[in-house]
Amino acid sequence: MSDVSKFDFDVLTNLKGKSIEVYNLDSNNKITDLIIDKVDRALAHGKRFDAFSLLLTGPKEQHCPQGIYRFKNPAFGEESVFMTPNAQDSYHICISRENVQSKIEECSTHT
């Protein structure tokens with residue numbers, strides 16, 4: 001995984017209605033495919049933080065409990081993130097991370 005994640009709002013918004021692969025973090029075995037239903041900006045989003053959430057759906061017979069999973073798709077490569085279930089076939093991911101540009105600007109003001 002690179003320092004600058006491609007698992008971001010714009011890339012994931014373009015994947016709305018498409019599937020992403022879900023893998024077990026430890027064994028790297030594929031568990032299922034989930035469909036990205038919704039990508040929304042979160043209240044914390046701004047100049048300093050990139051914040052958004054995803055709603056996903058998948059097959060009821062392959063439920064994923066709360067935990068960290070590895071997600072794969074050619075659009076973003078692979079990324080390990082925490083996911084919580086909303087129902088037997090519905091999931092939620094929240095992302096909130098400091099923007100790289102914000103870090104660069106902060107460093108340049110201290111030199």
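The values are calculated or read from the model by the stated rules, or taken from the named source; none is laboratory data. Only a predicted model underlies this, so the values are computations on that prediction, with no experimental measurement involved. Here the Cβ is made from the backbone with ideal geometry for all residues, glycine too, and neighbour counts use every protein chain on show. These area figures cover heavy atoms from the full protein model, side chains too; ligands, DNA and RNA do not enter into them. Shrake-Rupley method; radii C 1.70, N 1.55, O 1.52, S 1.80 Å.
Results, tabulated for the structure shown:
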quantity	calculated
Nonlocal amide H pairs with residue 81, under 5 Å, H built at 1.01 Å	69, 71
Solvent exposure, largest accessible area first (probe 1.4 Å, DNA, RNA and ligands not counted), of 35, 95, 68	68, 35, 95
Residue 21-residue 41 FRET efficiency (beta carbon distance; Förster radius 22 Å; 0.05 resolution)	0.30
³J(HN,Hα), Karplus 6.51/-1.76/1.60, whole Hz, each residue of the range 71-84, x for Gly, Pro	10, 10, 6, x, 5, 10, x, 9, 8, 9, 9, 7, 10, 10
Where labels lie 7 Å past Cα in the beta-carbon direction, separation of residue 81 and residue 5 in nm	0.6 nm
For residue 26, solvent-accessible area (1.4 Å; no DNA, RNA or ligand), Å²	150 Å²
Surface per residue (accessible, 1.4 Å probe) for the range 6-94, Å²	55 Å²
Rounded accessible area of residue 30 (nearest 10 Å², 1.4 Å probe)	100 Å²
Ranking by accessible area, most exposed first, for 16, 72 with a 1.4 Å probe	16, 72
In Å², nearest 10: area of residue 48 left accessible to a 1.4 Å probe	120 Å²
Amide H partners (placed H, <5 Å) of residue 32, local residues excluded	22
